[in-house]
1. Given (1) open to solvent by 50 Å² or more (accessible area, probe 1.4 Å); (2) under 19 Å from ARG31 (Cβ atoms), where does LYS239 come up short, assuming only one miss?
2. Mind checking which residues of the stretch 680-711 are open to solvent by 70 Å² or more (accessible area, probe 1.4 Å), in contact with a strand residue (DSSP E or B) (Cβ under 8 Å, 6 or more places away or on another chain) and not β-branched (Val, Ile, Thr)?
3. Conditions first: (1) touching a Phe, Trp or Tyr at 6+ places or on another chain (Cβ under 6 Å); (2) open to solvent by less than 40 Å² (accessible area, probe 1.4 Å); (3) in contact (Cβ under 8 Å) with a residue 60 or more places away in the chain; (4) not aliphatic (A, V, I, L, M). ARG452 passes all but one, so which condition is the exception?
4. Output the number of residues of the stretch 773-783 satisfying the condition of being over 20 Å from PHE89 (Cβ atoms), free of Cβ contacts under 8 Å to residues at least 60 places away in the same chain and open to solvent by 40 Å² or more (accessible area, probe 1.4 Å).
5. From HIS137, HIS149, grab the single residue that is touching a helix residue (DSSP H, G or I) at 6+ places or on another chain (Cβ under 9 Å) and open to solvent by 20 Å² or more (accessible area, probe 1.4 Å).
6. Of the residues that make up the stretch 154-162, is at least one assigned to a helix (DSSP H, G or I) and open to solvent by less than 20 Å² (accessible area, probe 1.4 Å)?
7. The conditions are (1) out of contact with any strand residue (DSSP E or B) (no Cβ under 9 Å at 6 or more places or on another chain); (2) in a loop (DSSP other than H, G, I, E, B); (3) free of Cβ contacts under 8 Å to residues at least 60 places away in the same chain; (4) not charged (D, E, K, R), and ASN732 fails exactly one of them. Which is it?
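The values are calculated or read from the model by the stated rules, or taken from the named source; none is laboratory data. Note that the structure is a prediction, hence the values are computed from the model and not measured. Glycine gets a Cβ as well: all are built from the backbone with ideal geometry, and neighbour counts include every protein chain shown. Accessible surface is based on the protein model in full, side chains and every heavy atom, while ligands, DNA and RNA are left aside. Shrake-Rupley method; radii C 1.70, N 1.55, O 1.52, S 1.80 Å.
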Amino acid sequence: MLLRLQTTARMLQVTAHPDDEDGGMLTLESRGKGVSTMLLTLNRGEGGQNKVGSNLFDVLGVLRTLELLAADRYYGVEQRFTRVADFGFSKTPEETFQKWGGHDIALGDMVRVIRTFRPDVMIARFSGTDRDGHGHHQASALLSREAFHAAADPKRFPEQIKEGLLPWQPKKLYIGNVCGFGANTCPDENYTLRLNTGEVDPVLGMSYVQFAMLGLRHQLSQGAGGWSVDPGPRYTYYKLVDSVLPPHILPNGHENSFFDGIDVTLPGLANRLGDDASKLPHLRSELQRIQTEIEGASHDKMASHAALPLLAALNHFEALVQEVEGSTLDTREKLDLLTVLREKREQCETAANLGMGISLEATIAPPKGPKETLPLEADALTVVSPGQRLIVLVKFHNGSKYALKIEKLSIESSQDWVTGTYKGDNRKFLKPGEDFYANFRLTVPADAPATRPYWHRDDPETESLNKIDDENYATLPFPPPPLKVHADYRITGRADLAIQGHQVKGTDGPSGAMTSPVLAPFLDESGKKRERALAVAPVFSVILEPGTQVISTNESSSKTVKVGVSSNLTGVEKGVLRLDVPAEWRVEPAKVPVEFHNRGEKQEFEFKIFPGNLKEGKFEARAVLESDGKRFAEGYSLVTREDLGAFYYYQPAVQRVSMVNVKIPADLKVGYIMGAGDDIPTVLKQIGMDVVILPAEKLATEDLSKYGTIVLGIRAYDTQKDLISNNSKLINYVSAGGTLVVQYNAGVADFNKGNLTPYPAQLSRERVTVEEAPVEILQPEDQVFHFPNQITTSDFDGWVQERGLYFMDKWDPHFAALLSSHDPGQPDQKGGLLQARFGNGTYIYTGYAFFRQLPDGVPGAVRLFVNLLSAGHEGPSVNRVSAH
């Protein structure tokens, strides 16, 4: 914080996805040089694959937002997003912009961030060329070039100007990926600035890039958990591509800093006024005075001795902010100054509080039992609902060497929660080492908004833009917590206080302030004490289980829909639950009375649905709970992990039903070995197939002969080491007459080194990203396209997000390529579905994205996957087709 107080430098880096960021550079600039740094990530990575679970799409976006925020704490940066979504891999920026509705939607959010944060320097992580690979990467750099000038043009996005977001022109724009990521050498002409992120910081005790890697490793869904960086020099390169300043390039064509040519000293703020300097004649001297205070704090090795000059600087910042606010400066000049001064005031407040050694804690009192007994997570008041009463326990600790006066203690919220004044010990003065306690009695207002993401997509599988439900929070990672506690304090009680030349006269010294979110403490399953920011949620959560269902048109029986309902209030809560289905369908029972008595109580209700027709199509069943004149039709679930923060994901109480004309083979038992996680087994069971989840750790002892087909889930070799060690058993199983279906893996090098296929084959990163890309059937006579379902090219209509990924690019002649597809302008990709007869059995590799298609109920994909499972089982023993 002391470093930051000594510079006004402000920097914005733009990336496409979580984990794209140059963490080493961000950490060097923020923690090593004190630069106020912001990371703008265009999307939340919701279209990627998940290496630690089956959650995909928007709930994955919430998880990756939490992961990125955990990494940001190491980088020392603020975080922002735009409203465009990750729709999966894109090979070109043209496809990316087409999916994102052109340039202006993402550009508008970028301009909003620039006009709000007002950075001196913009840095695109990527180059905007084919070298970047991913179309999202290229688009992020192209948009950065546009935003650099658009933010300064009042004619661009004028609605923002009307809101008070005035134009802003960053001084310099750099691009990255000019020498390849991780390169330690680079031609001079390719870059302007070279930074050594491998330099060791004495405070961190390691290099900047190593410290950043500790943060990046929180992004487990990206597979970053095991990443590390060896000690030693590590360089990152950037090229200056636009500037509104006179050239400041050294004779060798390079620069020493992103901020070469920019005055980033605190007194240098006065230079920005130009001819208007007379309107604030004391600005420079006041800034110089503040800088002297900060330098005095920085030179003292004892934090407690730094506190007084920092508090003095804080009071000067406060006075200066008020002076600028009341000045006759031009509106843009005023905003320019206030943006920096207000931030420095906040930084100075944080630094002063750290120097003082004070702390402010605000926690929710346990719902029952003595105060010293923490509840288990299930019983803790981590989430409250309208009408609920609670007590906030506040503790202010004076860890300083000075007597303090608590001048004000208050609860801050967008609404009035407080039902009375706080009850405390009423002491006005705190001696060094003493604590001040206060209790606030609160009631959650009836109209308190839920703590939820401010964005959503109605159909995440097909939509590439998020709808913003509350523009007040646009570009933020999440809405802020609903409650905070704020304390104002002042040093008092001594007239002879003199430290580092600071004389405090009278009984009142400099003042300070501190704010803290209200937290709910609890014990997790292991008995470890944890805490979570308080959240607000509706009284009832209503969730249909599962959220999707695939029904075969060849099955005339009813299907069961389970509705899970949980209550968040204590006391008798009654209502009526019903299931709304299409008009020609029937549901039993028509409605169900519900009654809850305890907070946290969960009940499950079953309905039977009878489809009114047996035609292919998509339908919806919606659950609605009506209670006390209110309607509840959505559910929420907690997204968290022990190493992350927490937030709630909301989804409509809807089950999407896909009617699919699919035939299944009789008497075929399938063993499914999960990988990173997918929902294919659930869909297979829904259409009537006999599927058993086979744990990889039991593979060594399992009798595989009882399975006609074994399926490896997505990324199974990447995530299940027991699978690799027992792979020969699977190959022997194929030789003995079994069918093995292997789905895609992302660890290309490990897969190819492992010799995991019965005949040589080489995995690649080739993919077909356009889900509408035509598919050619190369072996139309093969039984895989005829049993038990007839497959034609029309079965590839209606696929979602992508055709496939991680196709083979070389294979032994024993393999037959069954399908061919390619993205526009790209060569044919024939390695997405390979089949080989090995011994008496069948081996199949598929990179086609069935893990996305089957949960979405894409009819042709369901039929083709069933046929893959049936390959090699077309003989008399299983040639009967089940009535299902």
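1. Answer for LYS239: the failing condition is (2).
2. Matches in the stretch 680-711: LYS685, ASP690, LYS706.
3. Answer for ARG452: the failing condition is (2).
4. Matching residues across the stretch 773-783 total 5.
5. Working: HIS149 fails: touching a helix residue (DSSP H, G or I) at 6+ places or on another chain (Cβ under 9 Å).
Unique residue meeting the criteria: HIS137.
6. Yes, because at least one residue in the stretch 154-162 is assigned to a helix (DSSP H, G or I) and open to solvent by less than 20 Å² (accessible area, probe 1.4 Å).
7. (2)
For every residue, the table says whether it meets (1) within 39 Å of the chain's Cα centre (by Cα); (2) modelled with pLDDT under 95; (3) aromatic (Phe, Trp, Tyr).
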residue	(1), (2), (3)
VAL734	no, no, no
VAL741	yes, no, no
ASN755	yes, yes, no
GLU766	yes, no, no
GLU776	yes, no, no
